[in-house]
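The values are calculated or read from the model by the stated rules, or taken from the named source; none is laboratory data. Treat the numbers as computed from the prediction; the structure is a model and nothing was measured. Cβ placement follows ideal geometry from the backbone for every residue including glycine, while neighbour counts extend to all protein chains displayed.
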Amino acid sequence: MMASEILVIDDNSDIRILISGILKDKGFSVREAANFDQALMEINKKVPDVAVIDVKLDKGDNDGIKLLTQLKKIDDDVPVIMISGHANVQMAIDSLKLGAFEFMQKPFSSERLLNFVNRALENIDLKKEKRTLESKLFHSYDIVGQSRAIEEVKGLIVKLGSTESRVFISGPAGSGKELVARQIHKKSQRSKKSFVVVNGALLDPEKYEHQLFGSENSDGTINYGFFEQAKDGTLLIDEVSEIPLETQAKILRVLIDQKFRRVGGFKEINVNVRIISISSKNVREEIDKGNFREDLYHRLNVVPIFLPALKDRTEDIPLLLNYFSKKISELNGISETKLDTEFDLFYQYNWPGNVRELRNLVERISILSVNEEKLNVNNIVYDALSQKNNKTSLDSHNNVLSYPLKEAREKFEKDYLTSQLKKHKGNISKTAEFVGMERSALHRKLKTLGIKGVN
């Protein structure tokens with residue numbers, strides 16, 4: 001693994017040699033530049049991992065600041081440590097505003113220099129990891145479906161891309177709420193900025209101020225809270241209904257004032273984030289129970305989005321099966337598993353884990369199918385779904401023998417026709433054609449069996 005490369009820029013040769021020696025002793029690869037032009041030449045050759053820049057170059061007062069600005073235009077991610085022997089508070093503030101990672105006043109200890117350089121390298125590694133993770137999260141999966149509910153959600157995502165409105169996404173666990181939130185961020189004008197997730201259920205009432213708003217320590221270091229981590233981007237509050245009431249009041253205050261102070265700080269910081277909230281619970285019921293503030297709900301619920309349970313949009317199941325099978329094969333570098341999208345169990349099962357449960361099942365099938373030419377995929381589906389604790393219509397396959405003949409036949413017909421209606425999206429004509437009945441005869445049979453409609 002190549003050593004991290006540091007570019008040291010200082011017109012004082014003694015200082016330049018001193019800094020380079022300290023860094024080389026710790027195994028860093030070091031390049032040097034004595035003035036503004038040399039620095040630009042070195043940067044254009046290759047952008048360094050970290051730059052150490054003196055504020056005063058070429059006898060000028062601010063050439064180092066100009067170089068900082070230039071380097072940030074070339075690569076905004078490069079951490080820059082500014083140094084000066086004539087520093088003042090305003091100079092340090094100006095440098096940090098322009099994107100400097102840290103500011104050091106001469107003379108400084110080798111320990112302080114190495115500490116800043118190591119922290120800068122850790123920072124850039126975290127940014128790379130974050131970018132990789134976000135890329136996977138944003139691009140791994142799409143919102144798939146052609147049901148009316150999903151088409152409406154897709155339309156809302158497009159419309160929300162050009163607005164700054166707060167969004168409240170509700171629906172059962174596993175229905176795809178976080179995916180919708182990420183798609184909204186991806187299509188918004190904030191897409192290049194951070195997408196930060198905070199789990200409301202994990203907020204500690206005793207430490208919520210530190211977690212949300214950050215803190216300023218006595219040594220001058222800052223711990224950034226979720227609101228600042230999401231600066232200019234999107235803050236997703238997952239399971240917002242789980243946030244303690246005391247914390248809800250503080251969040252409401254921030255939304256009203258559009259500013260806050262860090263713990264231990266005196267400066268008011270303006271809030272510039274888009275807030276998207278998620279809840280698996282019925283928040284209206286939580287309000288009635290006194291568990292959630294109605295005024296906060298109205299602040300968050302500017303644009304509501306509801307994601308239905310998978311059992312209520314079964315016409316999307318074949319699309320989801322094919323999509324996940326293809327996507328999982330691409331992500332894992334394995335052959336795509338062909339699934340029988342007409343298999344009745346996919347439509348008889350209630351899917352308590354919703355889309356997430358279906359995706360996990362497809363992944364399990366895909367992994368088990370590797371190098372297995374004669375594997376019966378439908379048997380895997382049956383074994384997986386029939387082992388669930390939920391009492392679904394799958395039980396009818398095992399219990400039908402305990403019924404008298406007439407009841408057993410009626411139960412089978414009801415389960416069978418319900419399943420076929422779901423597969424054909426409630427279309428009577430297509431269902432009748434598939435099962436081999438006249439349309440009018442099917443209508444009569446459905447009425448006799450008490451099948452009034454299929455979700």
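On the basis of being assigned by TED's automatic domain parsing to the domain that holds V158 and within 30 Å of D415 (Cβ to Cβ), does S325 make the cut?
Working: assigned by TED's automatic domain parsing to the domain that holds V158: no; within 30 Å of D415 (Cβ to Cβ): yes.
Here the answer is no, as S325 does not meet what is asked.
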List every residue pair whose Cβ atoms sit under 7 Å apart, with the two residues 6 or more apart in sequence or on different chains, where the first one lies in the stretch 144-170 and is free of Cβ contacts under 8 Å to residues at least 60 places away in the same chain and farther than 20 Å from K327 by Cβ and the second, anywhere, is small (G, A, S) and crowded, with 17+ Cβ neighbours inside 10 Å. G161/S188
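What residue, among those in the stretch 270-280 that are in contact with a helix residue (DSSP H, G or I) (Cβ under 7 Å, 6 or more places away or on another chain) and over 12 Å from F168 (Cα atoms), is surrounded by the fewest Cβ atoms within 10 Å (Cβ to Cβ)?
Pass one, the stretch 270-280, residues in contact with a helix residue (DSSP H, G or I) (Cβ under 7 Å, 6 or more places away or on another chain): 271, 273, 275-279.
Right, trim to over 12 Å from F168 (Cα atoms) and you get 271, 273.
On the way: V271: 17, V273: 22.
Applying the filter and picking the extreme gives V271.
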I need the full set of residues from the stretch 183-207 which are touching a residue at least 40 places away in the same chain (Cβ under 8 Å), surrounded by fewer than 20 Cβ atoms within 10 Å (Cβ to Cβ) and assigned to a helix (DSSP H, G or I), in order please. K186, G200, A201
Check on I305, in contact with a strand residue (DSSP E or B) (Cβ under 9 Å, 6 or more places away or on another chain), closer than 29 Å to E164 by Cα and not hydroxyl-bearing (S, T, Y): yes
Determine whether L235 is in contact with a strand residue (DSSP E or B) (Cβ under 9 Å, 6 or more places away or on another chain), under 22 Å from G161 (Cα atoms) and assigned by TED's automatic domain parsing to the domain that holds R166. yes
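Please find, among N378, N390, N427, N371, the residue that is closer than 30 Å to Y323 by Cβ, under 41 Å from the mean Cα position of the chain (by Cα), surrounded by 12 or more Cβ atoms within 10 Å (Cβ to Cβ) and modelled with pLDDT under 75. Let's see the steps before the verdict.
Working: N378 fails: modelled with pLDDT under 75; N427 fails: modelled with pLDDT under 75; N371 fails: surrounded by 12 or more Cβ atoms within 10 Å (Cβ to Cβ).
From the options N378, N390, N427, N371, the qualifying one is N390.
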If I go through the stretch 319-335 residue by residue, how many of them are more than 24 Å from Y416 (Cβ to Cβ), surrounded by fewer than 19 Cβ atoms within 10 Å (Cβ to Cβ) and in contact (Cβ under 8 Å) with a residue 24 or more places away in the chain? 6
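Restrict the check to the stretch 213-221 and report whether at least one residue is in contact with a Lys or Arg (Cβ under 7 Å, 6 or more places away or on another chain) and part of a helix (DSSP H, G or I). First the steps, then the outcome.
Of the residues in the stretch 213-221, the ones in contact with a Lys or Arg (Cβ under 7 Å, 6 or more places away or on another chain) are 213-216.
Those left that are additionally part of a helix (DSSP H, G or I): 213.
Within the stretch 213-221 (the criterion being in contact with a Lys or Arg (Cβ under 7 Å, 6 or more places away or on another chain) and part of a helix (DSSP H, G or I)), the answer is yes, since at least one residue qualifies.
Kindly establish whether I365 is in a helix (DSSP H, G or I) and modelled with pLDDT of 80 or more. Break it down into steps so the answer makes sense when it comes.
Working: in a helix (DSSP H, G or I): yes; modelled with pLDDT of 80 or more: yes.
Yes, satisfied.
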Is there a residue being more than 30 Å from K187 (Cβ to Cβ) and in a loop (DSSP other than H, G, I, E, B) anywhere in the stretch 268-277? no
Please determine whether any residue of the stretch 199-209 is at pLDDT 85 or above and touching a Lys or Arg at 6+ places or on another chain (Cβ under 8 Å). no
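Residues to consider are N332, N301; find the one that is polar (S, T, N, Q) and under 30 Å from S277 (Cβ atoms). Talk me through it step by step, then tell me what you get.
Working: N332 fails: under 30 Å from S277 (Cβ atoms).
Going through N332, N301 in turn, just one is polar (S, T, N, Q) and under 30 Å from S277 (Cβ atoms): N301.
Does N291 fit the bill of being more than 17 Å from K177 (Cα to Cα), modelled with pLDDT of 90 or more, out of contact with any Gly (no Cβ under 9 Å at 6 or more places or on another chain) and assigned by TED's automatic domain parsing to the domain that holds L235? Please lay out each step first, then the result.
Details: more than 17 Å from K177 (Cα to Cα): yes; modelled with pLDDT of 90 or more: yes; out of contact with any Gly (no Cβ under 9 Å at 6 or more places or on another chain): yes; assigned by TED's automatic domain parsing to the domain that holds L235: yes.
Judged against the criteria, N291 is a match.
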Quick check: is even one residue across the stretch 278-286 hydroxyl-bearing (S, T, Y), outside any helix (DSSP H, G or I) and in contact (Cβ under 8 Å) with a residue 60 or more places away in the chain? yes
The condition of being assigned by TED's automatic domain parsing to the domain that holds I169 and touching a strand residue (DSSP E or B) at 6+ places or on another chain (Cβ under 7 Å) holds, among I222, I251, only for I222
Taking V355 as the residue in question, decide whether it is within 21 Å of L236 (Cβ to Cβ), surrounded by fewer than 17 Cβ atoms within 10 Å (Cβ to Cβ) and of a type in the set (A, V, I, L, M). no
